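Down below is the structure, laid out as structure tokens.
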Amino acid sequence: MSFKRTTPLASALLLATALLSPPAATAAPSASAAPDIPLANVQAHLNSLQTIANNNGGNRAHGRPGYRASVDYVKAKLDAVGYTTSIQQFTHGGATGYNLIADWPGGDANNVLMLGGHLDSVNAGPGINDNGTGSAGILEVALTVARENLKPQKHLRFGWWGAEELGLIGSTYYVNQLPAAEKSKIKAYLNFDMTGSPNPGYFVYSASGQPSGSVQLQQTLEAGFSGKVATELTSVGGRSDHAAFARAGIPIGGLFTGAEVTKTAAQASKWGGQSGVAFDRCYHRSCDTTGNIDNTALDRMTDVIAYALWTLAGTGTPPDGKKFTNDDDLTLPDQATTESSITVSGVSGNAPSALVLGVDITHTYRGDLVIDLVAPDGTAFRVKNSGNDSGDNLVTTYTVNASGEAADGVWKLRIRDAGPQDVGKLNSWYLQF
């Protein structure tokens, strides 16, 4: 959340704008059911951001090495599962800043649904709630899109913004640099800034005073909490990165668990927690660490991020999206090459430019693995090289440009264990056309 602190009077006014959410006037759009987002995965991202801060002077602030390390961490996760990523540079206060933009292949390029949140912290601390939570939640939802091989009707784009804490610099730069034609393609922007406050509220951005189309986003986000927890509408004004999009006339929405404003007795009765205490007592302080998170709120908020994406993106399965799977177990011996095959039939023409390869491998040192997808004519597409990744198991997807290859025929997954000692097993793999 932006560095602009509210005065006590402004805090009272901000709190006064929080209204009980009325029943949705219209039903949310139908969609494929959104998957549950594993809380443990989101927590793992927060732990990584905490480690980055610990290793870089205690923060992840603009112009500091911890911020660029945070960008690199998120980018690597997205690159590994097939996103098209780009780092946009800008300058503020004599320091270079960075926005990270990630596009999921496919969907209508003229109808973009964008989700975002800021990745930087203040200088005073690691910024795990503000805004590691929103950043990690968006990241895990993006990774789930890849794991599910989602083929939305709309084009999906994600943004992680720099220098928000210095006045919304990164997001403003991004929007201002877009040509008018590109701005017009973004039909909705959803912002997630602080989603795990330790004394949490459940706030949905109010559509009041926002660009036309924002009501649908508000109602969709409210619907995501239905049957789970009550919400309140709130106006966060120009305090976060949605502001630049709103100024450009783009419909906006968002979620928020609260910052320095104190929780009322009525809110404590409704949500639990402590009345008369700030939603986040460590807001913009050194104590905004992984110990400053309410996991129930983080879990609920992240699931609603996924709900909103699946609902708004148009997630029906395309009629030609055939999937072929091999579930036969295959042992992966040390320093040996093994192959598993899938016979593809009934797919006319060539394979797509975004052929999805999904793998599920159990292994005690996945850095040993070299993986190729081999087309029916013998052309090999390298999707993974060996490296120093000491993690275990490999459950992920890769996107392969196989548009020069006939779809029908026998495709092979070639796996070489390039190192000694550690062994594994291929549990299953698939191709999604």
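The values are calculated or read from the model by the stated rules, or taken from the named source; none is laboratory data. These numbers come from a predicted model, not from an experiment. Don't worry about glycine lacking a Cβ; one is built from the backbone with ideal geometry, like all the others, and counts go over all protein chains shown. With ligands, DNA and RNA removed, areas are computed over all heavy atoms of the protein, side chains included. Shrake-Rupley method; radii C 1.70, N 1.55, O 1.52, S 1.80 Å.
Determine which single condition residue 195 fails, assuming it passes every other condition in (1) assigned to a helix (DSSP H, G or I); (2) of a type in the set (S, T, N, Q); (3) modelled with pLDDT of 95 or more.
Here residue 195 meets the rest and fails (1).
Mind checking which residues of the range 60-77 are under 16 Å from residue 133 (Cβ atoms) and touching a Gly at 6+ places or on another chain (Cβ under 7 Å)?
If the condition is that a residue be under 16 Å from residue 133 (Cβ atoms) and touching a Gly at 6+ places or on another chain (Cβ under 7 Å), then 60 is the only one that fits.
Quick check, is residue 285 part of a loop (DSSP other than H, G, I, E, B), over 30 Å from residue 369 (Cα atoms), at pLDDT 95 or above and under 26 Å from the mean Cα position of the chain (by Cα)?
When the stated conditions are applied, residue 285 passes them.
How many residues are part of a loop (DSSP other than H, G, I, E, B) and surrounded by fewer than 19 Cβ atoms within 10 Å (Cβ to Cβ) if we restrict to the range 236-254?
Number satisfying all stated conditions: 4.
Restricting attention to the range 405-416, does a residue exist that is under 17 Å from residue 82 (Cβ atoms) and in a strand (DSSP E or B)?
Among the residues of the range 405-416, at least one is under 17 Å from residue 82 (Cβ atoms) and in a strand (DSSP E or B), which makes the answer yes.
Name the single residue, out of those in the range 263-283 being among the small types (Gly, Ala, Ser) and in contact with a Ser or Thr (Cβ under 7 Å, 6 or more places away or on another chain), that is farthest from residue 130 (Cα to Cα).
265
Could you tell me whether any residue of the range 368-381 is modelled with pLDDT under 90, crowded, with 20+ Cβ neighbours inside 10 Å and in contact with a Pro (Cβ under 8 Å, 6 or more places away or on another chain)?
no
Any chance you could count how many residues in the range 275-291 are without any contact (Cβ under 8 Å) to a residue 24 or more places away in the chain and of a type in the set (Ser, Thr, Tyr)?
Going through the range 275-291 one residue at a time, the tally reaches 1.
Somewhere in the range 106-121, is a residue at pLDDT 95 or above and open to solvent by 10 Å² or more (accessible area, probe 1.4 Å)?
For the range 106-121, residues at pLDDT 95 or above and open to solvent by 10 Å² or more (accessible area, probe 1.4 Å): absent.
Can you tell which of 299, 294, 329 is touching a helix residue (DSSP H, G or I) at 6+ places or on another chain (Cβ under 6 Å), open to solvent by 30 Å² or more (accessible area, probe 1.4 Å) and in contact (Cβ under 8 Å) with a residue 60 or more places away in the chain?
The unique qualifying residue is 299.
Which of the residues that make up the range 371-422 are out of contact with any helix residue (DSSP H, G or I) (no Cβ under 7 Å at 6 or more places or on another chain) and closer than 26 Å to residue 41 by Cβ?
371, 373, 383, 384, 385, 395, 396, 398, 399, 400, 413, 415
For the range 202-234, what are the residues that are surrounded by fewer than 19 Cβ atoms within 10 Å (Cβ to Cβ) and assigned to a loop (DSSP other than H, G, I, E, B)?
If the condition is that a residue be surrounded by fewer than 19 Cβ atoms within 10 Å (Cβ to Cβ) and assigned to a loop (DSSP other than H, G, I, E, B), then 208, 209, 211, 212, 213, 226, 227, 228, 229, 230 are the ones that fit.
Which ones in the range 130-181 are surrounded by fewer than 20 Cβ atoms within 10 Å (Cβ to Cβ) and either of a type in the set (Lys, Arg) or part of a strand (DSSP E or B) (or both)?
Selection gives 147 alone.
Would you confirm whether or not the range 75-83 contains a residue that is under 30 Å from residue 360 (Cβ atoms), free of Cβ contacts under 8 Å to residues at least 12 places away in the same chain and either surrounded by fewer than 20 Cβ atoms within 10 Å (Cβ to Cβ) or of a type outside the set (A, V, I, L, M) (or both)?
Taking every residue of the range 75-83 in turn, at least one turns out to be under 30 Å from residue 360 (Cβ atoms), free of Cβ contacts under 8 Å to residues at least 12 places away in the same chain and either surrounded by fewer than 20 Cβ atoms within 10 Å (Cβ to Cβ) or of a type outside the set (A, V, I, L, M) (or both).
Please go through (1) in contact (Cβ under 8 Å) with a residue 40 or more places away in the chain; (2) among the hydroxyl-bearing types (Ser, Thr, Tyr); (3) open to solvent by 10 Å² or more (accessible area, probe 1.4 Å) for residue 184 and return the number of the only condition it doesn't satisfy.
(1)
Please determine, by comparing only the residues of the range 84-105 that are open to solvent by 30 Å² or more (accessible area, probe 1.4 Å) and more than 20 Å from the chain's Cα centre (by Cα), which one is nearest to residue 401 (Cα to Cα).
The residue in question is 89.
Condition test on residue 69, is it surrounded by fewer than 22 Cβ atoms within 10 Å (Cβ to Cβ), touching a helix residue (DSSP H, G or I) at 6+ places or on another chain (Cβ under 6 Å) and in a helix (DSSP H, G or I)?
Yes; evaluated as a whole, the condition is true for this residue.
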